[in-house]
Each structure stands twice: as C-alpha cells, then as structure tokens.
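The values are calculated or read from the model by the stated rules, or taken from the named source; none is laboratory data. This structure is a prediction, so every number in the text was calculated from the model and none was measured. Here the Cβ positions follow ideal geometry from the backbone for every residue, glycine too, while neighbour counts run over all protein chains shown. Side chains included, ligands, DNA and RNA excluded: accessible areas come from the protein's heavy atoms. Shrake-Rupley method; radii C 1.70, N 1.55, O 1.52, S 1.80 Å.
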Amino acid sequence: QVQLQESGPGLVKPSQTLSLTCTVSVGSITTNYHYWGWIRQPPGKGLEWMGAIAYSGSTYYSPTLKSRTSISRDTSKNQFTLQLTSMTPGDTAVYYCARILNGYWHDSWGQGTQVTVSS
C-alpha cells in the first residue's frame, strides 16, 4: 500500500518557476527498483509524462521538457519535488505524482493538483 499527495501553489505567473512536492505517506521512495514520477494533463488533452527519479536518485526526463525540468528528493521526509521553470499559459494543467513499477507501470497515483499559469 502506498499513498501520495501533491502540494504546492495553484497559481503561477508567466516566466516564474513552479515547485510541487509529492509526499509519500506509505512506502519508501528508496525501495529497490521503484521509481517516482510526475505526469500532467492540460485541459482537454491527454496525459503527458514529465520525468521521474529512481530509488537510487538517478533522474529521467521527457525530451520535450528536459531543459526546463528538475526532479529532486528528500529521503528523510519521504518526498520528491518537481521544478518547472519559465512557465507559460501552456503549462496550465493538473499535475500528478505517481509510483512506477517494472520500469513502466504507474500503479499508484496522487489525486492531482490544479496549476494555473496566469498574469
């Protein structure tokens, strides 16, 4: 059993940086071969995989977002964090964190948090 919860600002101004934290309340982010990812869904569009951080601390990013994305973790708090720079209205979306098993299966998700980019 795992539980994940996203937290952070609901409103970001254009050009600013988004910072979201995922708190894992059941299970450990250092469990072998577990990966922890960020996914977003803009209004009216499909899910977009953004990136992930491995149990080891290694990071992986979508090529389309790599230049603006950073994922980090705090193992003492069992949390991992997304930072997305240079925000535009096109980044408005519901942002989810998730656990990833077997290199592909996103088996457990947070409830998602709405982030709106507006001036």
So what is the relative contact order for the chain, in percent, with contacts set as C-alpha pairs under 8 Å and at least six apart?
35
Accessible area per residue for region 35-119 in Å², computed with a 1.4 Å probe and the full protein assembly in place, what is it?
50
Straight distance only, please: which lysines reach the Cα of Lys13 with their own Cα at less than 22 Å, same-chain residues fewer than 8 apart left out?
Lys45, Lys66
Computed FRET efficiency, Cβ-Cβ of Gln5 and Trp105, R0 25 Å: what is it to the nearest 0.05?
0.75
State which stretch of the chain is the longest one without any exposed chymotrypsin sites (Phe, Trp or Tyr not before Pro), exposure meaning a DSSP loop state and at most 11 other Cβ atoms within 10 Å.
34-103
Per-selection Kirkwood Rh - region 1-56 (Cα, Å, 1 d.p.)
13.3
Which residue, Leu20, Leu82, Leu11, has the most motion in a Gaussian network model of the chain that connects Cα atoms within less than 10 Å?
Leu11
Provide the descending list of Cα extents for the chain along its principal axes, expressed in whole angstroms.
41, 26, 26
Leaving out ligands, DNA and RNA, what percent of the accessible area of the chain is carbon and sulfur, probe 1.4 Å?
48
